[in-house]
Amino acid sequence: MNKKLKELFHHRWNIPVLALMHNAGPGIRLVVVANQLQVNRVSLRQSVDALMDQQLVRKNPGYGHPLRPEYILTAAGQRAAEACSKYVSTVGSSKVCYRKWSSLVLLTIHLGNQHFNDIRTDLEITPRALTLALRSLEEERLVKRVVEDGYPPRTSYRLFARAEKIARQTKAIAGCLT
């Protein structure tokens, strides 16, 4: 799995912040982001710092006037922000898709790893974290758990159509990060 993609999905607010920056223009003030996304300032600061570490966002060198944006997108950030904007519109109101592992699990299943251990190995995720992610995706009706006959019985996971769309958008984000 792409390390940059994992880092991007690590913070819950990274994707919505990039999408908002894309929709609002290349730059934005943090108070606007905090108000529109209804996120607390500490979480927002962590996300912006992470986006700066990934070189997707940088401080505005011309900042100083109260109406100028504090942060602007880099060239790589503009490509990623466009993909994030499409991702947000595809996901809609589903909160589960903004959790750390959810979209990465969907992408891994979409790419052909349909068994628990294959997903766990590909993502380098703990069994507990993967179990929780799969349960929440099942509850959201994005993933279907299928128990295969045989000895021993084996479990595989399949995506519903809506999850396929989300996985494709996640793959598009990954393509922008390389």
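Could I have the simple spin-label model distance between S89 and V31, label points 7 Å from Cα toward Cβ, reported in nm to one decimal?
3.0
By how many nm would the segment from H65 to E164 lengthen if fully extended, with 0.36 nm per residue of separation less the alpha-carbon distance?
Extra length available between H65 and E164 comes to 31.2 nm.
Keeping all protein chains in place and using 1.4 angstrom, which order do K6, K100 fall into by accessible surface area, from largest down?
Most to least solvent-accessible, the answer reads K100, K6.
Expressed in nm to one decimal, what extension gain is obtained for the pair Q46 and L132 from 0.36 nm per residue of sequence separation less their Cα-Cα distance?
Details: separation 86, 0.36 × 86 = 30.96 nm, distance 2.37 nm.
So the chain would gain 28.6 nm between Q46 and L132.
Considering only protein heavy atoms, what per residue accessible area in square angstrom results for the chain with a 1.4 angstrom probe?
54
Measure off, as a whole percent, the carbon and sulfur share of the 1.4 Å-probe accessible area of the stretch 117-178, all protein chains present.
Solvent-exposed carbon and sulfur of the stretch 117-178 make up 47 percent of the total.
By how many nm would the segment from E140 to H10 lengthen if fully extended, with 0.36 nm per residue of separation less the alpha-carbon distance?
44.8 nm
Taking the Cα centre of the chain as the origin, how large is its charge dipole in debye, to the nearest 20, when only Lys and Arg (+1) and Asp and Glu (-1) carry charge on their Cβ atoms?
Around 280 debye, computed over the chain.
Specify the angular offset, from 0 to 90 degrees and rounded to the nearest 10, of the alpha carbon long axis of helix 41-53 from the longest principal axis of the alpha carbons in the chain.
90
Need one number: nm distance between label points at T178 and V96, each 7 Å from Cα along Cα→Cβ, rounded to one decimal.
2.9
Along the charge dipole of the stretch 94-178, pointing to its positive end and built from +1/-1 on Cβ of Lys, Arg, Asp and Glu, which listed residue (I119, T131, Q169) has its Cα farthest out?
Q169
Here are a few candidate values for semi-axes √(5λ) of the Cα gyration tensor in Å: (i) 28, 19, 17; (ii) 24, 19, 16; (iii) 34, 14, 13. Which one was actually calculated from the structure I just gave you?
(iii)
Of the trypsin sites (Lys or Arg not before Pro) in the stretch 103-171, which ones lie in a loop per DSSP and count no more than 13 other C-beta atoms within 10 Å?
Hits after loop and neighbour filter: R141.
The values are calculated or read from the model by the stated rules, or taken from the named source; none is laboratory data. All of these numbers come straight from a predicted model, not from anything done at the bench. Glycine also receives a Cβ, built like all others from the backbone with ideal geometry; neighbour counts cover every protein chain displayed. Only protein heavy atoms, including side chains, enter the accessible area calculation; ligands, DNA and RNA are left aside. Shrake-Rupley method; radii C 1.70, N 1.55, O 1.52, S 1.80 Å.
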